[in-house]
Amino acid sequence: MKVVLCGEATERVNHLLTRRQHRQILSLKIPNLPLGLRYGNILNKTLMGGIMELLTAYSLMLKIRFFEEAIERLFLEGRVMGTAHTCIGQEAVAVGVAAALEPRDAMTTTHRGHGHFLARGADAGRAMAELFGRDAGYSHGRGGSQMMMEPAIGFYGANGITGGSIPFATGLALDAQMRGTGRVTACFFGDGASNQGVFHETLNIAALWKLPVLYIVENNGYAMSTATARGLANTHISDRGAAYGIPGIRVDGNDFIAVRDTVAALATDIRAGQGPVLLECVTYRLSGHSRGDPRVYRTREEEVAAWRNDPILRFEEHLKSDHILSDESITATRLTVQAQIDQAIRFAEAAPLPDPAELRDDLFA
């Protein structure tokens, strides 16, 4: 993905490409990370190092944001049918987790999973084609927004059941343990799903068997229209890990570096056989629950404050403060990524519809 560097960063890129800098993080023997972590000098905080990695992450966050904004627009224009749940405001979680995983690792997602899919390496054109119901989509147009899957990139899909991915991810982890593959499964779900019985049942058995799974709860403040404080007696969902004897870590989900470095450290321990971890990424859903949500349950003042904590704007500010990007290069990068999403839409609209004769293919019921 093309990113325009400001001139000062060019020599630093070449240096880091030839001499990677690594910073050790204590393996899991760390306290709960405080909400509101700041980057400081991000070049000194990178675990896997390199300006190019930061720029790739920035472009990917933009790709997710512009993809989701396009989806909202396309639904309102009637060009895409059904409904969709966008992850606008939660991009740092998806990109941070994906950046810390290995290619052999697995990922499961939720009904709000476009960002996770793109972060894992999905092609925007094929993902868009799935939303358009076209044969070129990842599920040949049959799954739509909530049923995309691509095992070739370690992405084992989503479903429309709240918390439905939790037992599925745990089964993937059991498979990895039995086969000795060294694979870690990253399981995304929301704060609302943490109130489902399957959350407790599954964490109990995963802890009992020390399964290699990272449970990632994206605490975005709302379960549909119910504020977290109205649905949870303890809004620190990570505290629930202690009940099952597993670590519970809380991290600023709008800080890409914090998410990535934390997941990298946790995945190392999980891969070494230390068992599951519950990671709570505190973020905010800037969009509505779904395309028809007018968001009347929260105030204008709350939303304005949340937009000030936009993970993309925060990342841009720190890239600028470290002289990696300038205002001009940010504008150029945004235009480049937007053009890629526009091309994805053109690809999807031009793709053929599925053949009705194949309607019953791949059905197992």
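Couple of notes before you dig in:
- Residues whose amide H falls under 5 Å from that of A227, counting only those 5 or more places apart or on a different chain, are absent, with hydrogens built in the peptide plane.
- Segment R298-L363, extension gain: residue separation times 0.36 nm, minus the distance between their alpha carbons: 19.2 nm
- Across the range 88-178, Cα pairs under 8 Å and at least six residues apart give a relative contact order of 29 percent.
- Under the Karplus curve 6.51 cos²θ - 1.76 cosθ + 1.60, θ = phi - 60°, whole-Hz ³J(HN,Hα) for the range 95-105, x wherever Gly or Pro sits: 6, x, 5, 4, 5, 8, 7, 9, x, 6, 6
- Relative contact order, percent, the range 179-230 [alpha-carbon distance under 8 Å, six or more residues apart]: 50
- Environment charge at A357 (Cβ cut-off 15 Å; Lys +1, Arg +1, Asp -1, Glu -1): -3
Where a number appears in this text, it was derived from the coordinates with a stated rule and is not lab data. Owing to the predicted nature of the structure, the values given are computational and were not obtained by experimental measurement. Ideal geometry is used to build each Cβ from the backbone, glycine not excepted, and the neighbour counts take in all protein chains shown.
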